[in-house]
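This report concerns only the one structure given below.
The values are calculated or read from the model by the stated rules, or taken from the named source; none is laboratory data. Quick caveat: nothing in here was measured; it's all calculated off a predicted structure. Cβ atoms come from the backbone with ideal geometry, glycine included; neighbour counts cover every protein chain shown. Calculation scope for accessible area: heavy atoms of the full protein, side chains included, ligands and nucleic acids excluded. Shrake-Rupley method; radii C 1.70, N 1.55, O 1.52, S 1.80 Å.
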Amino acid sequence: MTVENTNSMMLKACLFDLDGVIVDTARYHFVAWREIAEELGFVFTEEDNEKLKGVSRIRSLEILLEIGGISLDDESKTLLAQKKNSLYLQYVLKMRPDEVLPGAREFLTDCRNNNLGIGLGSASKNATTILNLLQITHLFDAIIDGNKVTKAKPDPEVFLTGARELGVLPQNCVVFEDAKAGIEAAIAANMFSVGIGDPVILGKANFVTSGLKNLSVKTLIAKLERQSNRNAPA
Ligand code: B16
Ligand code: MG
């Protein structure tokens with residue numbers, strides 16, 4: 001079964017970003033990067049950390065170094081990125097299933113009950129470890145993470161690969177994202193998008209909500225339908 005909402009869209013699959021949509025790992029990334037900054041001799045703030053959301057590990061390090069005004073060779077960068085990941089994993093490996101963000105497990109189950117394809121589209125190379133610790137791996141039909149793709153969001157590669165693995169067309173997919181670059185990636189992939197977070201930052205999404213707890217497949221379809229009707233020619 002597929003879920004049809006309007007003549008213009010037949011929903012067949014949902015693609016989920018991980019950090020900020022399914023789980024809040026940003027705080028663990030923050031404390032790990034803060035330790036690296038301390039070691040390099042500068043202060044890294046929570047506001048600085050906002051710039052790293054949805055960004056790959058190595059690009060995150062480059063942004064951190066720009067903030068600290070530090071320039072390093074590639075070998076040192078690789079070693080520091082490895083060190084940050086070891087620090088990050090110390091927190092991640094303690095994660096428990098109740099750290100799934102409110103409503104995420106229920107929404108994934110609702111997608112399953114409606115026979116929608118379910119994919120993960122994350123920049124993280126630790127995605128499978130995190131899904132296993134949260135005990136939600138079985139809810140995904142396809143897992144596309146930082147180990148599988150080479151181009152970072154806003155490039156659409158991660159979501160296009162997800163649609164291909166799920167066997168659906170991009171125009172039949174909805175992406176759930178908390179980062180501006182992720183919404184841009186969804187648009188570049190010709191997919192619908194739901195922003196999770198700040199409407200000012202995620203304004204390009206089809207609609208924005210504070211979290212998956214506010215959504216069911218039924219309300220998602222209704223919202224997309226209302227939007228399609230608004231956009232229809234008079
Ligand atoms: P890792 P997402 C992203 O996850 C994080 O938002 C970002 O802060 C992190 O640098 C990136 O994953 C890479 O993570 O170091 O675990 O490979 O939002 O794309 O799910
Ligand atoms: Mg994210």
Scanning the range 98-112 residue by residue, those surrounded by 18 or more Cβ atoms within 10 Å (Cβ to Cβ) and under 16 Å from Val174 (Cα atoms) turn out to be Ala104, Phe107, Leu108, Asp110, Cys111
Filtering helices (runs of 4 or more DSSP H) wholly in the range 1-82 for at least 1 residues that are of a type in the set (Ser, Thr, Tyr) and open to solvent by 10 Å² or more (accessible area, probe 1.4 Å) gives 26-40
Taking first residues from the range 203-216 that are in the same structural domain as Asp17 (by TED's automatic domain parsing) and second residues anywhere that are outside any strand (DSSP E or B) and among the basic types (Lys, Arg), the pairs with Cβ under 6 Å that are 6 or more apart or on different chains are Phe207/Lys223
How many residues of the range 152-186 are within 16 Å of ligand 2 (Cβ to nearest atom) and either buried (at least 24 other Cβ atoms within 10 Å of the Cβ) or closer than 21 Å to Lys223 by Cα (or both)? The answer is 16
The correct count of residues that are in a loop (DSSP other than H, G, I, E, B), open to solvent by less than 20 Å² (accessible area, probe 1.4 Å) and either within 23 Å of Leu220 (Cα to Cα) or away from ligand 2 (no atom under 15 Å from the Cβ) (or both) in the range 113-139 is 3
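Give the residues of the range 140-163 that are in a helix (DSSP H, G or I) and either more than 18 Å from Ser193 (Cβ to Cβ) or of a type in the set (Phe, Trp, Tyr) (or both), sorted by residue number. Break it down into steps so the answer makes sense when it comes.
As a first pass, look at the range 140-163 and keep what is in a helix (DSSP H, G or I): 157-163.
The one that is in a helix (DSSP H, G or I) and either more than 18 Å from Ser193 (Cβ to Cβ) or of a type in the set (Phe, Trp, Tyr) (or both): Phe159.
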Note on the range 177-210: residues in contact with a helix residue (DSSP H, G or I) (Cβ under 8 Å, 6 or more places away or on another chain) and assigned to a loop (DSSP other than H, G, I, E, B) are Ala189, Asn190, Met191, Ile201, Leu202, Lys204, Ala205, Asn206
Item to check | Test: Ser76 is polar (S, T, N, Q) and in contact (Cβ under 8 Å) with a residue 12 or more places away in the chain | outcome: no
Of the conditions (1) at pLDDT 95 or above; (2) on the phi > 0 side of the Ramachandran plot, the single one that Met95 does not satisfy is (2)
Within the range 84-106, residues more than 16 Å from ligand 2 (Cβ to nearest atom), in a helix (DSSP H, G or I) and over 21 Å from Leu52 (Cβ atoms) come out as Pro97, Asp98, Arg105, Glu106
Test: residue in the range 33-44 that is of a type in the set (D, E, K, R), more than 15 Å from ligand 1 (Cβ to nearest atom) and either in the same structural domain as Thr128 (by TED's automatic domain parsing) or more than 30 Å from Thr109 (Cβ to Cβ) (or both)
yes
For the range 33-58 the number of residues that are more than 16 Å from ligand 2 (Cβ to nearest atom) and touching a Leu at 6+ places or on another chain (Cβ under 7 Å) is 4
